[in-house]
């Protein structure tokens, strides 16, 4: 049983005030602070809560506004910002005290592809520039985790079930095969696949445009493919397309947890 | 937390509170809103008095002055309670910043203090505007004489009474915030309940001696009762002998409620953290 924990070398219970000075937190999908004050004022307010001296705070705000591409909106009340710019402001706020440890909770949730990519680049550059920093991200986007994380922990029902670099995690399933097949919807669902011999896990995606379902099945070895195809057809399914897939973190997740994201 | 950073955080939280209070509209509408709301309350009480006086065939200007001062003093109670009673809900659901505030070195206490101070400042603006307009409307337009002699007012005692009253209300705000940390069901009503009870029991529009025994007893345990009495005594008699007993009780209750507010909020914060509900949102 864990009896203590520390962040940046400080005990989280005994030295909480010291911990607070070196951490920050940003959640995705949240309102970026106070809508009736401007971008600059929001950052100023939080800089003062972190006790930054006035001159240092002003310089820091100018640099963050520039880095996060907020210059055009510096004097705009934040309720007028788009979701993407709100999240940029959120992230800028997260870096206002130069945290040694930054907690990011779903940082690209609800963002368009380009903004999400930009935000991932910023996060990555922040860690790259200063190896003394740690950014802890919780995300459901496996591609995002693969792109920006050095170490990944996969958590299922509150427990860490795998921990390692993306490459290490992918190696965990490298002996396994991944096939993607399309079929018309199967009456009674596809849960039968979990009991097919040789199947580590599977995920299902509906394809409304074609009326088909796409099944991604992780096989312990390729010999299990025959059993999968037989069981799908025996349950009324019809194999319309079949292809092999490269290993991704999502496959690791499916293989370890046994199913795709619910 | 050291005193200086605490005060700095409280100061900037007050700055933020003032921005939030004033930025939503233009200055004229803001002034109108801050005048109309309390002035409407004063008008209601004033007209009830007038109608009652006409029906009874007797107008007591002494009682009207009592009412007027009670209602004006109550502006602090209603506005500070309204802000502090809804802060936690706003931070959780409207601004979604409670987590971000909580992890700062300053955390929640200086923030709550600062926001309550800005509410007190806004209440002062409101009170002064209402006092001026109310005096004009009732004394000059409606011809009811207010029995206030500006030369007899004990201004230091008045200032001290108001400061102690504000301190009590801010401490009460910590208690309300503590309750809201643990509950998501009271955020819209808690301040209404509390200010409603204070309005009835706090010697605002009638003396608590008219209340049944237990309610009278309850009234004598409320700091608001002594705050309003101390304000009245400072304005009407100006004599320390009349002011001091009320001010002493106000000071004593202010200390008690400050200790209770800080301890209560601390306990609620600890419990909310343990239960994982610090930033729990309501479903409304």
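The values are calculated or read from the model by the stated rules, or taken from the named source; none is laboratory data. This one's a predicted model, so the numbers in the text were calculated from it and none came from an experiment. Please note: Cβ atoms are built from the backbone with ideal geometry, for glycine as well, and neighbour counts cover all protein chains shown.
Observations
- Scan the range B:122-172 for residues that are in contact with a helix residue (DSSP H, G or I) (Cβ under 7 Å, 6 or more places away or on another chain) and over 21 Å from residue B:226 (Cα atoms) and the total you get is 11.
- Sole exception among (1) under 30 Å from residue B:273 (Cβ atoms); (2) surrounded by fewer than 22 Cβ atoms within 10 Å (Cβ to Cβ) for residue B:9, by number: (2)
- Taken together, A:45, A:103 contain a single residue that is assigned by TED's automatic domain parsing to the domain that holds residue A:20, within 22 Å of the chain's Cα centre (by Cα) and at pLDDT 90 or above, which is A:103.
- Within the range B:87-108, tally of residues that are part of a loop (DSSP other than H, G, I, E, B) and farther than 19 Å from residue B:21 by Cβ: 6
- Scanning the range A:225-258 for residues that are without any contact (Cβ under 8 Å) to a residue 40 or more places away in the chain and within 10 Å of residue A:199 (Cβ to Cβ) turns up A:227, A:231.
- A Cβ distance below 9 Å, combined with a sequence gap of six or more or placement on separate chains, defines the contacts here; from the range A:200-213, residues that are touching a residue at least 60 places away in the same chain (Cβ under 8 Å) reach no residue that is loosely packed, with under 11 Cβ neighbours inside 10 Å.
- Within the range A:51-85, the set of residues being more than 21 Å from residue B:9 (Cβ to Cβ) and within 9 Å of chain B (Cβ to nearest Cβ) comprises just one member, A:77.
- Every residue from the range A:219-237 that is modelled with pLDDT of 85 or more and closer than 15 Å to residue A:179 by Cα: A:219, A:224, A:225, A:226, A:227, A:228, A:229, A:230, A:231, A:232
- Residue B:126 under 24 Å from the mean Cα position of the chain (by Cα), within 14 Å of another protein chain (Cβ to nearest Cβ) and farther than 24 Å from residue A:98 by Cβ: no
- Matching option when the condition is surrounded by fewer than 18 Cβ atoms within 10 Å (Cβ to Cβ), in contact with a strand residue (DSSP E or B) (Cβ under 7 Å, 6 or more places away or on another chain) and assigned to a strand (DSSP E or B), among A:215, A:242: A:242
- When residues in the range A:6-28 are screened for being more than 9 Å from chain B (Cβ to nearest Cβ) and within 21 Å of residue B:95 (Cα to Cα), 1 of them pass.
- Residue in the range A:34-50 that is part of a helix (DSSP H, G or I), more than 9 Å from chain B (Cβ to nearest Cβ) and more than 21 Å from residue A:103 (Cβ to Cβ) present: yes
- Taking the conditions (1) in contact with a helix residue (DSSP H, G or I) (Cβ under 7 Å, 6 or more places away or on another chain); (2) assigned to a helix (DSSP H, G or I); (3) surrounded by fewer than 23 Cβ atoms within 10 Å (Cβ to Cβ); (4) within 14 Å of another protein chain (Cβ to nearest Cβ) in turn, residue B:111 satisfies each one other than (3).
- Taken over the range A:177-194, the criterion of being outside any loop (DSSP other than H, G, I, E, B) and touching a helix residue (DSSP H, G or I) at 6+ places or on another chain (Cβ under 9 Å) is satisfied by A:177, A:178, A:179, A:181, A:183, A:192, A:193.
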